[in-house]
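The values are calculated or read from the model by the stated rules, or taken from the named source; none is laboratory data. Quick caveat, the model's predicted, so the values are computed rather than measured. Here Cβ is always computed from backbone atoms with ideal geometry, including for glycine, and neighbour counts include all displayed protein chains.
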Amino acid sequence: MTKKPGYQDPAGLEGDYAAVPSQPPFIFRNVNVRIFPIKANMARLGFFVHQYLNNDIPPAIAHFRPALPYVYLLTLHYGSLEPGTIEARNIGWISQNEVVFSIPLEWWRDDGSGRVVFHDWACVNPFIFVDDDTSLTTGREVYGWPKVKAEFLEEAPRWAVDPRSPTRLLNLKTKLFPKLFAGVREEERELLQIHRDPPLSFSQIPLDPWNPWFPLTALQTAAAGWMDVMGNALDIIAGLPIRGYRAGRDPSTLLRMLCKAGRRASHILPNLCRQGPRDLNTDQSAKEAEPPELKLTMMTLKQFYNPEKPFDACYQAIVGSDIALDSVNRMGLLGDENQLRGDPSGGFTIRIYHYDAQPIVDKLGLQALRVEKGGQAGVSVSIFKPTFPFWADTDLYYGRGQVICSRPTLDNKGKIKCPQRDLDDDRMIFASWERPKTQSDPTTKSAPKIIKAKKDKDPPIPYNTVRGGATQPIAGPFEFPDVTVQVYGLEANDDNRLKEFLDRYLNDTLGLIPDGWKMKFEPWGSFVYLMVSIYGDELGKMYSDSTNIGSWVEKEVSVCVPVNWYKNGEKVNWGIIRPFLFGNTGRAVISDREINGRPTVMANINSFSDVWLNPSGPDAKRELLRLDTEIYPGRFLAQRAENRTLIEIIEGPNQDERSNGNIRAPSTDTGGDQPVASEILNKPQTINFVHLKQHRDAHEVKDLCYQALVNSKRNITQIHTLTPIKNPINIRIHRYPGRPIAELLGLKGGRKDSTGENAVEIFQAKDPFWMRVSVEEPLGEIVCYRLNNQPWVVFEEAVPYMNEKQRKTKKAHRKRPKKG
């Protein structure tokens, strides 16, 4: 079989260092987990699982059903998340907090005779909240985890207000749209809270007749709780179809289920009680840890938007990955004293807020004890009591992903495969799901080296939105009526560094496309631009023609490399490559990465108060911008990732200019050595932002399951203000091995400063200016793409020729008959 294409890191990193944020297997040390089982409606739960996982997948491949009428709420603290290989582990590790809603599953599939039989146990986690940026993007792009950025708040104990108050153990906040399709920005809102009942008290005066520890009250609570538990148990045993349970649990199936569960549970027993020693494979590579045997398969729907079709996916897959229990350090029930008085909830209360953007309660069919109206900002809150919550301190092993099935796949003629339908079947035909090919599969005819195709000829791949608007990116086309852009020119040392960067990132890949499709990008000029974009709403609110859910982007910082675009040695157009791109909202980051393939990284982008009242005086230099992002501080030192300052923009002359008092005034003439700025300022036009859209393979993250060259254009429709920045500006770029901005691009004239906690290179911006503009961003265009190890699919109509005469010349050349 042909090898899959490798990941091309825009930052110029190679090997394990480029793949470390997502290099499985992972070793999770000191994982503290609290598990709260919440009762759910089996029929609604089954409907959700069917829509989310089964969809139109043939039962011969896989079919999933909920195993129990419960959803498990897990709160986890990972003391250490580190890759399993020694090389990747030496680079660094991360720590995070996480909240997960998990559904236990039965995994069924066709046994080959047309009969669907039980295969294994599994689970799916449709709602996940994390507080680490690396985990957010890694989980989504490698495995398909629907992770959302959240904040875990630490609050002052409510005991200070009233000693009888319940203790708030968890308060989770996340950014969401308080109201959908209303043109509002995302806000930090409380979504989930966990409370514990107040401690035991007998000495209150006057006596409280409803004290939960009084015998009569305790008996009432115990009777109600245990009746509910017994009712749920009988419901599960009966398995009535009218209650949402699917048929198929005959005696032989139940025996198969018990045997599968028993084999897994047998690994808890001492080795003396088992049928032989664990297999010690001496040939196993020492680079990767041996997986434990007590494991469960986690199912995910991995999908990415098609940049050209806002309602379709360019790639979808069902991915299974094993999470295994390496060791249990400690474990026990939560709320022992309350469970002793007969309260199965352990005295815990869970509060989930209702938002259309996070429809957790409605989608999963969670059965609330009651619903409180008029909570935070008038939002309703569902109150739940868990059933026998417990905790554990464990070490976990998380293995490589395995693709169960995926789409699309191409046949030998380059067409996307579709399922066969009868002539009288008028249902819409979608791309078919296929199992991944293995080495043992029979070989077929050799596929062509390149497939020349046309747009809109392929069957659709509908993007699955069953979870609601909480986790999905926002697709265009977009209108941004109010964008303030600051542009700072940075001179490169020579063209060689820029050429090396372009060769490594784009040319070494696209230059190998055969049959007259050799692409090449070369530096245009010797300048690199630091661009800061602020998206406002004074001149109008941003909106999307396809998904106008709300205002989703705020601030953006990018490093731009102007390029000339060539095809077969002839210049096609000019464009901009952005190897470093930072956004300050989670939805903007995932939208950039998963739709158009921009390598956007989550960052805190802040400006600071003026220095007018500073003790150093009103003439002190002003810090205009500071960008902090998650970074591995050292290379191959096994250090924890930290939020560190990467870029600073500071007003004031550099050291050399201070010494002679010569402050260079910026010129309004930006032509000559800065051709791109001249193009934009003199004749506003379409700007081609070119990116390599890459999605990593679930099993081997150094390889790709999807790769495409995407041209996401932006048109400046109106310039409201255009002004040079008169004061000298210094750009401070901190040196880190994972973000080698100055080194990668060969920036010129930097002055090194190592007086702080980290080495910094300081550059003076050349001819900086700012403008306030209105921008439109049409849908991105796929110029060429490839899936897994299949050939390139190319689209001549997507090549952005500078004029139609070039395109017509190419068409005439292709149609010219051969001589003789």
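Structure summary
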{"read-out": "Matching residues, the stretch 163-203, being of a type in the set (Lys, Arg), assigned to a strand (DSSP E or B) and closer than 22 Å to ASN584 by Cα", "value": "LYS173, LYS175, ARG185, ARG189"}
{"read-out": "Residue check for TYR736: modelled with pLDDT of 90 or more and buried (at least 18 other Cβ atoms within 10 Å of the Cβ)", "value": "no"}
{"read-out": "The listed residue being out of contact with any Asp or Glu (no Cβ under 7 Å at 6 or more places or on another chain), modelled with pLDDT of 90 or more, surrounded by fewer than 20 Cβ atoms within 10 Å (Cβ to Cβ) and charged (D, E, K, R), out of ASP356, ASP362, ASP336", "value": "ASP362"}
{"read-out": "Which listed residue, of ARG330, ARG351, is part of a strand (DSSP E or B), within 26 Å of PHE47 (Cα to Cα) and over 25 Å from the mean Cα position of the chain (by Cα)", "value": "ARG351"}
{"read-out": "Residue satisfying all of: in the stretch 461-494; surrounded by fewer than 16 Cβ atoms within 10 Å (Cβ to Cβ) and closer than 30 Å to ASP411 by Cβ; modelled with the highest pLDDT among these", "value": "ASN464"}
{"read-out": "Odd one out for LEU502 among (1) out of contact with any His (no Cβ under 9 Å at 6 or more places or on another chain); (2) closer than 24 Å to ASN715 by Cα; (3) surrounded by 16 or more Cβ atoms within 10 Å (Cβ to Cβ); (4) not polar (S, T, N, Q)", "value": "(2)"}
{"read-out": "Unmet criterion (only one of (1) touching a Leu at 6+ places or on another chain (Cβ under 8 Å); (2) at pLDDT 85 or above) for ILE94", "value": "(2)"}
{"read-out": "Filtered residues of the stretch 563-592 (kept if touching a Lys or Arg at 6+ places or on another chain (Cβ under 8 Å) and either closer than 17 Å to ASN688 by Cα or buried (at least 23 other Cβ atoms within 10 Å of the Cβ) (or both))", "value": "ASN564, TRP565, TYR566, LYS567, ARG578, PHE580, LEU581, GLY583, ARG587, ILE590, ASP592"}
{"read-out": "Residues located in the stretch 753-805, provided they are surrounded by fewer than 18 Cβ atoms within 10 Å (Cβ to Cβ), at pLDDT below 90 and assigned to a strand (DSSP E or B)", "value": "ASP753"}
{"read-out": "Any hit, the stretch 521-533, residues being closer than 30 Å to ILE549 by Cα, out of contact with any Cys (no Cβ under 9 Å at 6 or more places or on another chain) and assigned to a strand (DSSP E or B)", "value": "yes"}
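Here is a yes/no grid of residues against (1) farther than 17 Å from ARG115 by Cα; (2) modelled with pLDDT of 75 or more:
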site	(1), (2)
ASN232	yes, yes
ASP235	yes, yes
ALA238	yes, no
ARG243	yes, yes
ALA247	no, no
ARG256	no, yes
CYS259	yes, yes
ARG263	yes, no
SER266	yes, no
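This table checks each residue for (1) closer than 15 Å to TYR505 by Cα; (2) part of a strand (DSSP E or B); (3) touching a helix residue (DSSP H, G or I) at 6+ places or on another chain (Cβ under 7 Å).
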residue	(1), (2), (3)
ASN688	no, yes, no
LEU704	yes, yes, no
GLN707	yes, yes, no
THR721	no, yes, no
ASN727	no, no, no
ILE733	no, yes, yes
